[in-house]
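The values are calculated or read from the model by the stated rules, or taken from the named source; none is laboratory data. Fair warning: this is a prediction, and the values are worked out from it, not measured in the lab. So basically every Cβ, Gly included, is an ideal-geometry build from the backbone, and we count neighbours across all protein chains shown.
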Amino acid sequence: MKRDLARAITDYLAVSGPLGERVTKLASFDRGDWQHSLEWLDQTGLALWLLDRLKVSGAHDAVPPEIGVRLKRNMADHSSRVAAMAEEFDSINRLFEADGIEYVVLKGFALAPEYTPDARLRPAYDYDYLVRPESMGRVSHALGSVGYVHRRERVDHPVVYVHSSRAPRIPSQPDDLYSADLPRSVEIHTRLWEPEALKIPLPLPDDFLARKRPRIWHGLRFFSLSEEDELLFQVLHAFRHIIECWCRLYTFLEIAHFLERRQSDMAFWQRFADRIRVSPRLPEMVGVVFSLAARLFGAPVSAAIDAGVLSDLRHPLLLWVSRYGCDSALANFTGNKYSLLLYREFIPDDATWREIQRKRLFPLHRPNRAGGTRTPGISARLIAGWKQSAYVARRLFHHVISAAQYEWESIQWERIRIARR
């Protein structure tokens, strides 16, 4: 990834401001710069957003022709994928309703059009649902009746199901990310936050399902969270992934899109402010996420929420956003472990922090698979095995280097943090 181009792309995708100079800057990069940034576009989830903005602004010439062709091919493939997922999604919803399972949809199709103008723009790999804990038996039976099986994960929540006819695989080619053939999973949540796993107690309301709202979008019928709770979940989802050192950049673009659409809706922001007062930490999480959305994509933060959130944000949190947050976000927070400096601000107990820090600096679990193969041949398996070994070596090297960088930076951070109190 070429960092200057990455910044030019995020500037170009900003939700506010004139496009003229941003288009000129985008067009100043050559073919090699773009080729080296294609994987970054895929991994951040910005590729299709970029194509859509180029189309809307009539600026196709701002990218080399072959890059435009590649993006259009990805959009065509992903459109087929989203169409197939819409049918599957609808069948799952009808299945739950037939079995009397109360649910709300988290993410996915529920985010259009408030967070994304077109569902085809966002990466789509799974379906997320919130259900009541006592419904889990019926959920398992309902999904099992149509071929879904429980997939064991490193964590117990959410509970993940995959269809038995679709073997799970990691895409081995960049274009696979957009393919209709890439399997998807069903993730079942019974709560929106993990206090035990994350070690951050966070009292939340217990009426999310009671406040659900019926939705109809492009003929799809489903239930989603209330508007305030949907934004609350987006914030919690983003914050959790930040402190876990893996949050895709497009997450902040979606939130920026929402903030731009609703900036003048004072009644909504009053309801949202009331909703997040249940915990003093919750407004701080909102402040961190909104600050990143504003800095990365020019999100306008409504004065109605700014007065009670950003203006009161603890100085170390704002300092972390400006010093580490934006640069880390460009790499999906995977390029370093500086998110742990933010995490530390929410863990007052030293012993608890030492345990978290040890596990996050040197994770001991088995690494993810780097790639899969569609064919059972020996040569294909050998290639997949080589890729997996190379991937494990890269991850080990990353953890060693990142841990050393973190230890050094944590000393600098403490000095700066104390000096600017």
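Only one residue in 282, 342, 313 is over 20 Å from residue 116 (Cβ atoms) and touching an Asp or Glu at 6+ places or on another chain (Cβ under 7 Å). Which one?
Numbers: 282 fails: touching an Asp or Glu at 6+ places or on another chain (Cβ under 7 Å); 342 fails: touching an Asp or Glu at 6+ places or on another chain (Cβ under 7 Å).
Of 282, 342, 313, the one residue that is over 20 Å from residue 116 (Cβ atoms) and touching an Asp or Glu at 6+ places or on another chain (Cβ under 7 Å) is 313.
Residues in segment 301-315 that are surrounded by fewer than 17 Cβ atoms within 10 Å (Cβ to Cβ) and in contact (Cβ under 8 Å) with a residue 40 or more places away in the chain: 315 alone.
Test each condition in (1) hydrophobic (A, V, I, L, M, F, W, C); (2) surrounded by fewer than 16 Cβ atoms within 10 Å (Cβ to Cβ); (3) at pLDDT 85 or above; (4) in contact with a helix residue (DSSP H, G or I) (Cβ under 8 Å, 6 or more places away or on another chain) for residue 401 and report the one that comes out false. Condition not satisfied by residue 401: (4).
For segment 92-139, filtered to residues that are under 20 Å from residue 189 (Cβ atoms) and among the hydroxyl-bearing types (Ser, Thr, Tyr), the residue that is surrounded by the fewest Cβ atoms within 10 Å (Cβ to Cβ) is 125.
Confirm whether residue 155 is within 25 Å of residue 236 (Cα to Cα) and either without any contact (Cβ under 8 Å) to a residue 24 or more places away in the chain or surrounded by 15 or more Cβ atoms within 10 Å (Cβ to Cβ) (or both). Judged against the criteria, residue 155 is not a match. Only a single criterion out of (1) over 28 Å from residue 216 (Cβ atoms); (2) touching a Pro at 6+ places or on another chain (Cβ under 9 Å) is not satisfied by residue 66, namely (2).
So is residue 142 surrounded by 14 or more Cβ atoms within 10 Å (Cβ to Cβ), modelled with pLDDT of 95 or more and within 30 Å of residue 70 (Cα to Cα) or not?
no
Checking the stated criteria, residue 259 turns out to be surrounded by 17 or more Cβ atoms within 10 Å (Cβ to Cβ), among the hydrophobic types (A, V, I, L, M, F, W, C), in contact with a helix residue (DSSP H, G or I) (Cβ under 7 Å, 6 or more places away or on another chain) and within 30 Å of residue 7 (Cβ to Cβ). Taking segment 1-103 as the region of interest, the helices (runs of 4 or more DSSP H) fully inside it that hold 1 or more residues being under 30 Å from residue 208 (Cα atoms) are 31-44, 65-98.
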